[in-house]
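Let me begin by presenting the structure, written as structure tokens, before commenting on it.
Every number in this text was worked out from the coordinates using simple rules, so none of it is lab data. Owing to the predicted nature of the structure, the values given are computational and were not obtained by experimental measurement. All Cβ positions, even for glycine, are placed from backbone atoms using ideal geometry, and neighbour counts span all protein chains on display.
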Amino acid sequence: MPPPVTKRRLVYYSGRVQGVGFRFTAKSAADSHAISGYVRNLADGRVELLAEGTANELNALLWTIRSETAGHIEDEYSESLPATGEFTEFNIHY
């Protein structure tokens, strides 16, 4: 059986997503799944998430973030990209 294929997702969240523990929620969710990458606040008020993992793990991560921060997200833009394998863990970038 071949190993699972790693995917990469770049997601931008907008709404009331800064100053409400959004990054810590994303980090906790990523740590509970096999996800590497980062989350960070952007100067324009959005939050950027770059994550790598299997399709199932990425879908679970994004579902967890949506469900735990539903009242804060007004819009979500997601783009699939080729995985690079550059990350070994998931971090909050400041």
Region 32-55, subset among the small types (Gly, Ala, Ser) and under 14 Å from residue 18 (Cβ atoms), residue surrounded by the most Cβ atoms within 10 Å (Cβ to Cβ) = 45
Failed item, numbered, when residue 29 is tested on (1) surrounded by 17 or more Cβ atoms within 10 Å (Cβ to Cβ); (2) in contact (Cβ under 8 Å) with a residue 40 or more places away in the chain; (3) part of a helix (DSSP H, G or I) = (2)
Find the residue count for region 33-67, including only residues that are assigned to a helix (DSSP H, G or I), farther than 15 Å from residue 15 by Cα and among the aliphatic types (A, V, I, L, M).
-> 5
Which of the residues spanning region 68-78 are outside any strand (DSSP E or B) and surrounded by 10 or more Cβ atoms within 10 Å (Cβ to Cβ)?
-> 68, 69, 72
Subset tally (residues that are assigned to a strand (DSSP E or B) and either surrounded by fewer than 17 Cβ atoms within 10 Å (Cβ to Cβ) or free of Cβ contacts under 8 Å to residues at least 24 places away in the same chain (or both)) for region 79-94 = 6
Collect the residues in region 12-26 that are hydrophobic (A, V, I, L, M, F, W, C) and surrounded by 20 or more Cβ atoms within 10 Å (Cβ to Cβ), keeping them in residue-number order.
-> 17, 22, 26
Hey, could you check region 56-94 for residues that are touching a Ser or Thr at 6+ places or on another chain (Cβ under 9 Å) and small (Gly, Ala, Ser) and say which is nearest to residue 23 (Cα to Cα)?
-> 60
Using beta carbons and a limit of 6 Å, which pairs, at least six apart or on different chains, have the first residue in region 51-78 and hydroxyl-bearing (Ser, Thr, Tyr) and the second one outside any helix (DSSP H, G or I) and surrounded by fewer than 18 Cβ atoms within 10 Å (Cβ to Cβ)?
-> 54/4; 77/12
